[in-house]
2 protein chains.
Amino acid sequence: MFAQVIECIPNFSEGRDPEKLQRIIAPFYEDKEVKVLDFSQDADHNRAVVTVIGTYEGLKRTVPLAAGKARDEIDLRKHEGAHPRMGAMDVCPFVPIMNADMDICIRLASEVGEIIASDYKIPVFLYEKSASSPLRENLAVVRKGEFEGMKEKMLQPEWKPDFGPDQPHESAGATAVGARMPLIAYNINIGTPVLEIANQIARKVRHSGGGLRYIKAMGVALQERSIVQVSMNMTDYTGSSLYQIMEMVKAEARRFGVNVIGSEIVGLAPMAALIDAAADYLQLENFSLNQVIEARLLEPEE
Amino acid sequence: MFAQVIECIPNFSEGRDPEKLQRIIAPFYEDKEVKVLDFSQDADHNRAVVTVIGTYEGLKRTVPLAAGKARDEIDLRKHEGAHPRMGAMDVCPFVPIMNADMDICIRLASEVGEIIASDYKIPVFLYEKSASSPLRENLAVVRKGEFEGMKEKMLQPEWKPDFGPDQPHESAGATAVGARMPLIAYNINIGTPVLEIANQIARKVRHSGGGLRYIKAMGVALQERSIVQVSMNMTDYTGSSLYQIMEMVKAEARRFGVNVIGSEIVGLAPMAALIDAAADYLQLENFSLNQVIEARLLEPEE
């Protein structure tokens, strides 16, 4: 058991070659203070999401090494996929889980960003709770223009990176590093091949379109299944819940005469987010997390 | 943090003296691999229900010690109460919760039963999933005759105990030990004051009426709220799930033009039962308990 647990979820722009991904994340397996909890690759998104937990020092040692491997393995000039991206290690958030607070994660993000920039000549933007200006809090704003537009974007003084060169790495682009609260990647599949329907549902559900405050959403085509997906990031599940999202997406889908045919949680989610969804669906009265047997085991010892 | 979680719910024939109960369950507090989650005493039943969780080894060490304390503290010859009973530690089920399966609990029940019999000269019957014959699966059948009738009952060859002497302990009687699935007490509230509607829904939902295999149900009036309740015991949530129950009760309620207005889980429930309900409602594809961060913190170290 680690004395401290910080979660780290690096996203790499490699969704199709499992061996490449293993080479990229090898440093995490080689450190005793880091544990790989999960990784998944999505061919349509052409993206890998990796979740590790570790101590401050363990993550400080290994995350820059993985960023370096990603620089060597991934060439953004040849990369295409449904998911927006600007770098080989596209984004890397640090999340406080146990015996670590947001300030510690902000400090870790800054140290890791500095090492990535100096060791691998990759420009690093600090985002979310680590952002050096309000403009950089939102990852989508930081990443706008993507790899192809980054060179021109970085000519603007307000897009000078926090660390590293003033232009993107020629093959590895730029990387966003930051600290944030737990995030849930949640996708709802819609039984139609029409991408525009997923786009319209996404627009209504997300905060920027007038929808739920802590939801980012976009439409994605899952071509091999001939369906579409409302692909979402939940930035605070205690504010905008899984139940609210599902009910809102179902209601929007009905407007088009189409149905929700499934959903998926990509990577990890906190227990409370799922228990809340069960409690909402079941209309549970007076329910407490203390009634969950396993939750009692995680309580601090008396 | 335990690498393995088995739940154990010993019932003691002592419902009126809190100090006696504390002396009986003291061994659970003294073991690092066991944690007391809950205990309650009922004076009318003259019975205590204790819930502990622990590892295989922790429970194997402590449950026999508690059975020994109960033998010393409780004299069945002077015991009266509304609840049927045959022993000082009357019954003790072991329940798989995490990183433990039914086979492990069956083995643990058998080992614990053997220790109780040899260390304290108390006859032990294995019941439920541990039963050595179909006749012994049902606790009510094993206990029939209670303490007062046990001596004569045990003269019959089919009621020779699985472990220990062929007659009850003179003051501590006999004990039933076994393995079973977690029980969940789950009630669904219906927005009508008409008890007959809850009774009819209960009849359709429960196994005995042609409904779900692992559900017992009955109608109950909640007079102070002017509503009724379908009160249920779930005997295997992996077989008959919360989602199935809720959808079936909703469908039955519709036949009467009434609605589900809420539900409640009484006492404890395993995380998986609630996560399953969330997964069913959300139509989650390819979801695993390993995606729950807290579940990963509870898993054994590699």
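The values are calculated or read from the model by the stated rules, or taken from the named source; none is laboratory data. The model shown is predicted, which means the values in this text are computed figures rather than measured ones. Positions of Cβ are generated from backbone atoms using ideal geometry, with glycine treated the same way; all protein chains shown enter the neighbour counts.
Odds and ends about this structure:
- Residues in the stretch A:238-255 that are over 18 Å from B:GLN283 (Cβ atoms) and of a type outside the set (Lys, Arg): A:THR238, A:GLY239, A:SER240.
- Residue check, B:ARG85 under 27 Å from B:MET150 (Cα atoms), in contact (Cβ under 8 Å) with a residue 12 or more places away in the chain and either assigned by TED's automatic domain parsing to the domain that holds B:VAL142 or among the polar types (S, T, N, Q) (or both): yes
- Residue count for the stretch A:119-144 satisfying the condition of being touching a Pro at 6+ places or on another chain (Cβ under 7 Å) and closer than 12 Å to A:GLY87 by Cβ: 4.
- Odd one out for B:ARG23 among (1) closer than 15 Å to B:VAL112 by Cβ; (2) modelled with pLDDT of 95 or more; (3) charged (D, E, K, R): (1)
- Residues of the stretch B:103-118 satisfying the condition of being within 15 Å of B:GLY87 (Cβ to Cβ) and of a type outside the set (A, V, I, L, M): B:GLY113
- Yes/no for B:SER208 being among the small types (Gly, Ala, Ser), free of Cβ contacts under 8 Å to residues at least 60 places away in the same chain and not assigned by TED's automatic domain parsing to the domain that holds B:PRO165: yes
- Being within 25 Å of the chain's Cα centre (by Cα) and at pLDDT 95 or above is a property that A:LEU284 lacks.
- Being assigned by TED's automatic domain parsing to the domain that holds B:SER118, in contact (Cβ under 8 Å) with a residue 24 or more places away in the chain and surrounded by fewer than 22 Cβ atoms within 10 Å (Cβ to Cβ) is not true of B:GLU19.
- Check on B:GLY145, surrounded by 22 or more Cβ atoms within 10 Å (Cβ to Cβ) and at positive phi: no
- Residues being within 14 Å of chain B (Cβ to nearest Cβ) and more than 15 Å from A:ILE197 (Cβ to Cβ) - total across the stretch A:226-237: 3
- Considering the stretch A:131-142, and only residues there that are surrounded by fewer than 16 Cβ atoms within 10 Å (Cβ to Cβ) and either not assigned by TED's automatic domain parsing to the domain that holds A:THR175 or not small (Gly, Ala, Ser) (or both), the residue that is nearest to the chain's Cα centre (by Cα) turns out to be A:VAL141.
- Residues in the stretch A:46-67 that are closer than 19 Å to A:GLY87 by Cβ and surrounded by 23 or more Cβ atoms within 10 Å (Cβ to Cβ): A:ARG47, A:ALA48, A:VAL50, A:VAL52, A:LEU59, A:THR62, A:VAL63, A:PRO64, A:ALA66, A:ALA67.
- Within the stretch B:68-101, if we keep just the residues that are assigned to a helix (DSSP H, G or I) and surrounded by 16 or more Cβ atoms within 10 Å (Cβ to Cβ), the residue that is farthest from the other protein chains (Cβ to nearest Cβ) turns out to be B:LEU76.
- Check on B:GLY191, among the small types (Gly, Ala, Ser), in contact with a strand residue (DSSP E or B) (Cβ under 8 Å, 6 or more places away or on another chain) and under 23 Å from A:ALA278 (Cβ atoms): yes
- Residue within the stretch A:92-99 that is at pLDDT 95 or above and over 21 Å from A:GLU170 (Cα atoms) present: yes
- Pairs where the first residue, in the stretch B:275-289, is more than 7 Å from chain A (Cβ to nearest Cβ) and the second is of a type in the set (S, T, N, Q), C-beta under 6 Å, 6+ apart: B:ASP276/B:SER241
- Index of the failed condition, B:PHE28 passing every other in (1) out of contact with any Cys (no Cβ under 6 Å at 6 or more places or on another chain); (2) in a strand (DSSP E or B); (3) among the aromatic types (Phe, Trp, Tyr); (4) buried (at least 20 other Cβ atoms within 10 Å of the Cβ): (2)
- Of all residues making up the stretch B:238-273, the number that are more than 12 Å from every other protein chain (Cβ to nearest Cβ), touching a strand residue (DSSP E or B) at 6+ places or on another chain (Cβ under 9 Å) and of a type in the set (Ser, Thr, Tyr): 1
- In the stretch A:47-66 there is no residue that is assigned by TED's automatic domain parsing to the domain that holds A:ASP103, touching a helix residue (DSSP H, G or I) at 6+ places or on another chain (Cβ under 7 Å) and in contact (Cβ under 8 Å) with a residue 60 or more places away in the chain.
- Scanning the stretch A:268-281 for residues that are crowded, with 21+ Cβ neighbours inside 10 Å and touching an Asp or Glu at 6+ places or on another chain (Cβ under 9 Å) yields a count of 4.
- Within the stretch B:177-208, being touching a Ser or Thr at 6+ places or on another chain (Cβ under 9 Å), more than 21 Å from B:GLY262 (Cβ to Cβ) and more than 14 Å from chain A (Cβ to nearest Cβ) holds for B:VAL177, B:GLY178, B:ALA179, B:ARG180, B:HIS207.
- Among the residues of the stretch B:100-134, the ones that are at pLDDT below 95 and hydrophobic (A, V, I, L, M, F, W, C) come to 1 in all.
- In the stretch B:106-114 there is no residue matching the filter, namely being among the polar types (S, T, N, Q) and in a loop (DSSP other than H, G, I, E, B).
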